[in-house]
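Structure record follows, encoded as structure tokens.
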Amino acid sequence: MPAASVRFSLRTRCQSRLLTDKIFFDLDTKQITPQELDQQDPLASYREQFLFPQHQGAPVGYFTGNSLGLQPRGVRQEVLRELDDWAQQGVEGHTRARKPWLPYHEFFSASLARLTGAKAAEVVLMNGLTVNLHLLMVSFYRPQGKRRKILCEGKAFPSDQYALRSQLRFHGLDPEENLLEVMPDPETGYLDEDAVVAAIDQNQDELALVMMGGVNYYSGQWLDMPRITDAGKRAGAVVGWDLAHAIGNVPLKLHEWGVDFAAWCSYKYLNGGPGATAGAYIHERYHGQEDLPRFEGWWGHDKDSRFAMPDRFQPIPTAEAWQLSNAPVLSMAPLLASLRLFDEVGMDALRQKALHLTQYLAQTLETVRSQTGIALRIITPQPESQRGCQLSVVIPEQGRRIFDYLTAHGVVADWREPDVIRLAPVPLYNNYQDVHDLGQKMIKAIKENS
Ligand SMILES: *Cc1c(COP(=O)(O)O)cnc(C)c1O
């Protein structure tokens, strides 16, 4: 894309209340420095709330918050509190810990509801993401007669593909016949939503489930979730979303969009720590239905009679009915510290900064391209409505070498074969200086080779 059109798109798309459009025009002329941009950033102080890995005594340029979010400073205290309460109270901690373990998962519901645009009763923190996808498909993928196909995006995250294919086989169905994958456009590398909707319409008599990633892990594309949800519902299918790369990254309105179910992990943009407990959303229309197939466990049973240990399962009339086991407190505690920050800032302000910071990254990459002549291409869609904060960059031939140079020089990014570097400037803790430095290092990497 020529520089002129990048600048034009910046002007038309950046409707900023925080920063003026002008800054982007001034970047090339160096009239506004990244330091000044950071000074104008109302969220700048949140960077101090996070612990950065160090490289030669300085924080790394961390661009992999889409893979594992950084540790909030408050995490240690949350975990230590549970260790202390366990040490001092033993089993009594279930009811007497400062945050009692019995209802521990409930401490997350309000924040998760805000992040997903759901009612608190529609969300629950439990298990791992892939586990939750399976548990939800037990309830929401119920092939019947001709209606047995699942539609998803082509090249979905491997775990999602394995989950979908194994669910089909579990029902005695051949994945080759019953899994419809809408492939990304070979030219652009991302999904054409018209093609998704057309595929839904064409298969409307045979479609049981539409299950897709809200934000694609590879391209960074944010799908038009309400449009696809609507198309799926009109076709008579159940619609579920994998929000691994969407939650904490883009604003969501699951309830309003009529989404049936969703699941996410908590260690990417939510900064819950490695293997953190995941989450699930189930629209309230399914709550309290005793005849809905579900894999059941005691933690999904009515709270009042749980410890009377009755024989028959009586579901809690909320998303909690899908819980099996009692809360893994130690793998949940870190998330409390992170969600406090999300609650303080709110998704509106985060999204506002994400748009600017990512646009700044796009412009920085354009500068790298124009100054070095390298064949660099952003495959993430440019319109704001089609992306979160991740940009995926294709650098043919030289990509791996540049990536290795960046790694050796204190930049943590993510490499995907054959030639893609994924970069996610996260608005809670990345700043404009990080992005600027990245651009400078890329230019050096390219020039040193030629
Ligand atoms: C990160 C990610 C996963 C990871 O699954 P886990 O069960 O948390 O290990 C699955 N699906 C998608 C789309 C992801 O981005």
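A few notes on this one:
- Ala110-Gln39 FRET efficiency (beta carbon distance; Förster radius 41 Å; 0.05 resolution): 0.80
- All alpha carbon pair distances within the chain were sorted into 20 Å bins beginning at 0; the resulting P(r) in whole percents reads 24, 53, 21, 1.
- A simple charge model with +1 on the Cβ of Lys and Arg, -1 on the Cβ of Asp and Glu and nothing else charged puts the dipole of the chain at about 580 debye relative to its Cα centre.
- Counted charge near Ala262, where neighbours are those whose Cβ lies closer than 11 Å (Asp, Glu -1; Lys, Arg +1): -3
- Take each peptide in 271-284, 50-63, count the other Cβ atoms within 10 Å of every residue, and average; sorted highest first, the result is 271-284, 50-63.
- Between Ala198 and Ala349, the contour length at 0.36 nm per residue exceeds the alpha carbon distance by 50.9 nm.
- Helix 347-372 vs. the chain, principal-axis angle (Cα, 0 to 90°, nearest 10): 40
- The chain: angle of helix 399-408 to the longest principal axis, Cα-based, in degrees nearest 10: 90
- Taken along its principal axes, the alpha carbon cloud of segment 26-176 reaches lengths of 64, 57, 34 Å, longest axis first.
- Theoretical FRET efficiency, 1/(1+(r/R0)^6), r = Cβ-Cβ of Lys447 and Glu290, R0 51 Å, to 0.05: 0.15
- Each peptide in 402-410, 359-367 was scored by the mean count of other Cβ atoms within 10 Å over its residues; highest first, the order is 359-367, 402-410.
- Candidate cross-link partners of Lys146 among the lysines, defined by an alpha-carbon separation under 21 Å and a same-chain spacing of 8 or more, comprise Lys233.
- Stretched out straight at 0.36 nm per residue, the stretch from Ala308 to Gln433 would grow longer than its current Cα-Cα span by 39.2 nm.
- Ratio Rg/Rh [Cα only; Rh per Kirkwood] for segment 188-228: 0.98
Every number here is computed from the coordinates shown, using simple stated rules; none is lab data. Because the structure is a prediction, the values reported are computed rather than measured. Cβ: placed from backbone, ideal geometry, glycine included. Neighbour counts: every protein chain shown.
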